[in-house]
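Working notes, structure below.
The values are calculated or read from the model by the stated rules, or taken from the named source; none is laboratory data. The model shown is predicted, which means the values in this text are computed figures rather than measured ones. Because the Cβ atoms are built from the backbone with ideal geometry, glycine has one as well, and the counts that use them run over all protein chains shown.
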């Protein structure tokens, strides 16, 4: 079994996470994917992008999302060793909406782990002070229907149970999270980037 969390954290340094390399979500996905290929046994594990759940035997209408951002595997059979990573790097505001998308990624990675037999799945979210510092700073309302309580402040509310979408006009109104997760933001060196990494 590979120590994927440590490999991902080794990537989350100013050497790799800087304005030159990371400027949108697509660049984050590919820079991390290339790093994983360099740091894994390429003869054993494949690193693939945008793999559909159907490739691993899943039915599209049974999952919150259809494609995994990054998949690491030594096969597509049920008993093969498989890992998945969902990524977010929001760059255009709409903070409450993006926060609910973070929750959606957690839900999806739970489904992939428990329904498709993946060994471990992860959610990695990166933000920038200069653009998206509001994700971890700012007012933190502890109201029951506040999405901010899960992401802001030193003592965040655990992500668990039914969580409502703050944008009422959207199709998905609420999501149910099976396990319990705490968001802990980590600064990338002394840079303006912060991230959290959740193992599902």
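Observations, loosely collected:
- Cβ-Cβ under 6 Å pairs, at least 6 apart or on other chains, the range 168-186 side modelled with pLDDT of 95 or more, far side part of a loop (DSSP other than H, G, I, E, B) and surrounded by fewer than 17 Cβ atoms within 10 Å (Cβ to Cβ): 180/158; 182/158
- Of the residues in the range 154-169, at least one is surrounded by fewer than 15 Cβ atoms within 10 Å (Cβ to Cβ) and closer than 13 Å to residue 137 by Cα.
- Residue within the range 110-131 that is out of contact with any strand residue (DSSP E or B) (no Cβ under 8 Å at 6 or more places or on another chain) and farther than 30 Å from residue 2 by Cβ present: yes
- Matching residues, the range 35-44, being more than 17 Å from residue 14 (Cβ to Cβ) and surrounded by 13 or more Cβ atoms within 10 Å (Cβ to Cβ): 36, 37, 39, 40
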